[in-house]
1. Is the range 219-303 rounded, prolate or oblate when judged by the Cα gyration tensor, a ≥ b ≥ c being the square roots of its eigenvalues, rounded requiring a/c under 1.5 and prolate requiring a/b larger than b/c?
2. Which length gain, in nm to one decimal place, applies between residue 116 and residue 134 when the Cα-Cα distance is subtracted from 0.36 nm times their residue separation?
3. Go ahead and set up a Gaussian network model of the chain, Cα springs under 10 Å, then flag whichever of 27, 72, 161 fluctuates most.
4. As a test of the definition: which semi-axes, in Å, follow for the chain when you take the square root of five times each eigenvalue of its alpha carbon gyration tensor? Largest first, please.
5. Sum -39500 (n - 2.57) across every DSSP H segment of at least 4 residues in the chain, then divide by the residue count to get the 222 nm mean residue ellipticity, nearest 500.
6. Apply 1/(1 + (r/R0)^6) to the Cβ-Cβ distance of residue 32 and residue 254, taking R0 = 30 Å, and write down the FRET efficiency to the nearest 0.05.
7. For the peptides 182-195, 39-52, what is the packing order when you average, over each peptide's residues, the other Cβ atoms within 10 Å and list the highest mean first?
8. Any chance you could check the Cα centroid distance between the range 196-210 and the range 254-305 for me, in angstrom?
Ligand code: ADP
Ligand code: FRU
């Protein structure tokens, strides 16, 4: 199992923050038609930003590190991080840049989320930006799989930092391999915990979770944890030579918003692992929280549903026995 690292509780999420302009429609539109949506909203998005939201909702000390444009959307994004208790002190504000944006179509009929992303000139986080950050407060650093060459260097900096610490104090590293891009593979051998999405798995030619775990385990470092969420089928995970563990999905009565389901699963699983839960309990916790997420619109209603993350973890452990 992943070691419980230390008494430090801070979890840093490194990656994208963008603006999601989300339109809820009754049916996905036909090309070249004109329809009115049921609802439209602005939402802070980006995988790492979403991870930190969920960690904040669970009561973790979450921090976000990434670039944000110095445009008029900046206030909205930073205020929204604050609403979820996410620390943004280390965010790199980029002058003269435009906000990275996604147009998202949520279909009520099919529960699909279709994303059209745009980034005009917002730079990725540099290794220098990362090197400025004091890593001492962090128990866990999660990297979104993007900006590969720089992120590989950042992970190496964390490993260097770990060399100066007693073993029980190491910072755990994780990475999310989500998009169907071959260059992401280079990050797999570098971390303690790898999250591999169904999209990446299918792109690699794997047809189910078990095949994906076998294939990715062979690329990961020995003893690494590999986790694979698979939509309505739930999730599976393995570590080293131990047997694969599985969790079903926990579908809500109505699936209304699947935007960020994977981000929710990954964050909740990290939360559980960081609190010392077993791998099996952790992915079941991830599926349970992701199931709750897809049953509500946006993030805010989760606040009432979740309550204290540590109490939820205790409940999860007692359900398992
Ligand atoms: P992504 O958002 O990256 O496409 P997935 O579709 O693999 O991610 O979903 C991640 C997790 O979210 C799944 O493991 C599952 O637990 C949960 N989930 C996703 N869709 C549903 C659904 N329709 N019903 C219940 N749980 C879901
Ligand atoms: C959801 C998400 C959105 C964002 C998009 C970027 O996982 O992070 O919030 O617009 O993916 O790829």
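1. It is prolate, given that a/c is not under 1.5 and a/b is the larger ratio.
2. The span from residue 116 to residue 134 would gain 3.0 nm if fully extended.
3. The residue that fluctuates most here is 72.
4. Numbers: eigenvalues 157, 116, 76 Å².
After diagonalising the Cα gyration tensor, the semi-axes are 28, 24, 19 Å.
5. Value at 222 nm, helices only, nearest 500: -10500 deg cm²/dmol.
6. Working: r = 30 Å, r/R0 = 1.01.
According to the calculation, E is roughly 0.50.
7. Those peptides, ordered most packed to least, come out 39-52, 182-195.
8. Comparing the Cα centres of the range 196-210 and the range 254-305, I get a distance of 20 Å.
Since every read-out is calculated from the coordinates, none of them should be taken as a lab result. Everything quoted here is computed from the prediction, not taken from an experiment. Here Cβ is always computed from backbone atoms with ideal geometry, including for glycine, and neighbour counts include all displayed protein chains.
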